[in-house]
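Input: a single structure, listed below in structure tokens.
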Amino acid sequence: MRRALRYRLFGMGKMPDALRAAAGGAGVLVAAEGLPVYNRVWSLRMPQAKVGSGFRTASGSVVMLPGRLLASIGKYVILDTEFPADGGRQELALAEDGLRISFDVSTVLRTGSGSVEIHYKLPLDQSVLGQLPVRGCPVRLVSAAEALLNPWRGTYRGGRPRSALSRLI
């Protein structure tokens, strides 16, 4: 499994405590950290950001259990769902090339619009996919605005502090 350069150089993308606890339990199908995560946006509109189309990379972690899936980007846990998922407004798809999550920005940030797709590059065997009850379902993301949308605001270049985002959610 290929590790992200940020993970190899700086250790970015290590498992947060919630994922590490789940990975320590029985029945783990996949537990991987330091995965390359590709974040694509189309027609992104939100305060301090307007992007026609864009692409960013990050590092993250994934833990798959037969009835549960957890995913993180950096220190943020963005997905913790049971299978079958209880519903949500974001879409999850599992395939041999990894895990994909797609959503409209307005579902996680009420003052925004556009589309986002996150792709965790994680090769999944047919044997692993066969043990999962579903390969695609609607899910509910947590910490999505902080983990996925803040970088587009320019926070890496000294944009408005992250606490300002919490007032908009």
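A full extension of the chain between Arg56 and Arg135 corresponds to an added length of 25.9 nm, given 0.36 nm per residue minus the alpha carbon distance.
Computed on region 1-135, with alpha-carbon pairs under 8 angstrom and 6+ residues apart, the relative contact order is 25 percent. Between Ser127 and Arg68, the contour length at 0.36 nm per residue exceeds the Cα-Cα span by 19.6 nm. Restricted to Cα atoms, region 38-82 shows a radius of gyration and a Dmax of 13.9, 40 angstrom.
For region 60-106, the fraction of C-alpha pairs more than 15 angstrom apart is 48%.
Computed from the coordinates by the stated procedures, all read-outs in this text should not be read as laboratory data. What you see is a predicted model, and the numbers here were worked out from it, not measured in a lab.
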